[in-house]
Amino acid sequence: MAIITLRESITQAMREEMIRDENVFIMGCDVGLRGNPFGITKGLMKEFGERRVLDTPISEAGFTGLGVGAAIAGMRPLVEILYDDWITLPMDTIVNTAAKTSYMFGGQASVPIVIRAPFGVGGGVAAQHSQNNENWFVHVPGLKVITPSTPYDMKGLLKSAIRDNNPVLCFEHKRNYSLKGEVPDGEYLIPIGKACVRKEGKDCTIVTYSYMTYVAEEAAKDLEKEGISCEIIDLRSLLPLDYDTVMESVAKTSRVVVVTEAPLRGSITGEIVGEIIARGFDLLDAPPERVGSRNSPVPYNEALEALCTPKKEDIAEAVRKTFK
């Protein structure tokens, strides 16, 4: 067992899979010589060569399309979008080609591609570098979407994604890159579509993912002082989504708050609440609550940025509301 950063867990996962399978390769802007602006692919070009760690032109639509074609041809590309915000550029390729090819060809073709993208608010990097666009892709049949929050989860889920024969989008919160955690020394995989009970509790369920898991933990600590015990479900995967684990928790607590860092309007929180009501309306002692960002572009100014995004106080107040 080693204690490493989430950033290092990504590097380990990719390196191990590249050693295991020669069809795995990395491509994207600045992934080679520079080793990614976040240092994630540093050293991999030197180890595996320019044929397997490809620096591309600044054309997300172009190199993502190349990756999808390579996947259909039998390779396993790891495509990196430098910021989640720019995933809008290859949107057509992801939604209309990667997601649909296997279905349209009756399973005779598969698209085993992983598209990684840093996402989320933090650091005062303004409206075009701070978005949470993971919600868009949950709407698309044929895709899988993962949002790991710990180094352990990141490594295990990313390795599973690389081995999956379907297109998988991996959203990595920028604030999580430097967070440390225990990662086993040996081989392990985490199945896509299985949530984790991050904290057990008996009074209210908080359902969330990625960086908001840590914010929810801080809120839960404050609520403990008031005698309110919260159970925290870290979804880890948004598509498929583990409703069995969510409903087991709701059956125990009878109250639920769903949290996202994305703008609340049109976010996955509404889908989750709708499914909870459909599956277990009679389990609830109070209406479900939702917490998310304001419906506003993320400001450049860090004080204003903080005003737009959910804080522990917002989550705690939503939990208290379920008792009123």
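Just a few scattered comments:
- Comparison of Ser254, Ser267 shows that the only residue that is closer than 19 Å to Ser210 by Cβ and polar (S, T, N, Q) is Ser267.
- Pair list, Cβ < 6 Å and 6+ apart or interchain, from the stretch 224-238 residues that are within 9 Å of Tyr209 (Cβ to Cβ) and of a type in the set (Asp, Glu) to residues that are open to solvent by less than 10 Å² (accessible area, probe 1.4 Å) and in a helix (DSSP H, G or I): Asp234/Thr213
- Residue count for the stretch 257-274, restricted to those that are open to solvent by 50 Å² or more (accessible area, probe 1.4 Å) and in contact with a helix residue (DSSP H, G or I) (Cβ under 8 Å, 6 or more places away or on another chain): 2
- The helices (runs of 4 or more DSSP H) falling completely within the stretch 225-324 that include 1 or more residues that are touching a Pro at 6+ places or on another chain (Cβ under 6 Å) and either modelled with pLDDT under 95 or not hydrophobic (A, V, I, L, M, F, W, C) (or both) map to 302-308.
- Taking the listed residues Thr269, Thr253, the one that is among the hydroxyl-bearing types (Ser, Thr, Tyr) and out of contact with any Cys (no Cβ under 6 Å at 6 or more places or on another chain) is Thr269, with no other qualifying.
- Restricting the stretch 42-61 to residues that are among the charged types (D, E, K, R) and out of contact with any helix residue (DSSP H, G or I) (no Cβ under 6 Å at 6 or more places or on another chain), the residue that is nearest to Ile87 (Cα to Cα): Asp55
- Given (1) open to solvent by less than 10 Å² (accessible area, probe 1.4 Å); (2) among the β-branched types (Val, Ile, Thr); (3) in a loop (DSSP other than H, G, I, E, B), number of the condition Val125 does not satisfy: (1)
- Against the list (1) assigned to a loop (DSSP other than H, G, I, E, B); (2) among the hydrophobic types (A, V, I, L, M, F, W, C); (3) open to solvent by 50 Å² or more (accessible area, probe 1.4 Å), the condition Phe38 fails is (3).
- Scanning the stretch 103-122 for residues that are closer than 12 Å to Ala71 by Cα and either part of a loop (DSSP other than H, G, I, E, B) or open to solvent by 10 Å² or more (accessible area, probe 1.4 Å) (or both) yields Ala109, Ser110, Val111, Pro112, Ile113.
- Asp153 open to solvent by 50 Å² or more (accessible area, probe 1.4 Å) and charged (D, E, K, R): no
- Some residue of the stretch 219-230 being polar (S, T, N, Q), open to solvent by 10 Å² or more (accessible area, probe 1.4 Å) and either closer than 26 Å to Ser130 by Cβ or out of contact with any helix residue (DSSP H, G or I) (no Cβ under 7 Å at 6 or more places or on another chain) (or both): yes
- All told, Val258 meets the bar of being more than 12 Å from the chain's Cα centre (by Cα) and closer than 28 Å to Ala99 by Cα.
- Condition check for Lys144: basic (Lys, Arg), surrounded by 17 or more Cβ atoms within 10 Å (Cβ to Cβ) and over 19 Å from Pro297 (Cα atoms): yes
- Residue within the stretch 59-67 that is in contact (Cβ under 8 Å) with a residue 60 or more places away in the chain and either among the hydroxyl-bearing types (Ser, Thr, Tyr) or surrounded by fewer than 20 Cβ atoms within 10 Å (Cβ to Cβ) (or both) present: no
- Taking the conditions (1) in a loop (DSSP other than H, G, I, E, B); (2) aromatic (Phe, Trp, Tyr); (3) farther than 17 Å from Phe119 by Cα in turn, Phe63 satisfies each one other than (1).
- Matching entry among Ser254, Ser210 (being in contact with a helix residue (DSSP H, G or I) (Cβ under 9 Å, 6 or more places away or on another chain) and surrounded by 23 or more Cβ atoms within 10 Å (Cβ to Cβ)): Ser210
The values are calculated or read from the model by the stated rules, or taken from the named source; none is laboratory data. Just so it is clear, the model here is predicted, and its values are computed rather than measured. Counting neighbours? That spans all protein chains shown, and the Cβs are built from the backbone with ideal geometry, glycine included. Only protein heavy atoms, including side chains, enter the accessible area calculation; ligands, DNA and RNA are left aside. Shrake-Rupley method; radii C 1.70, N 1.55, O 1.52, S 1.80 Å.
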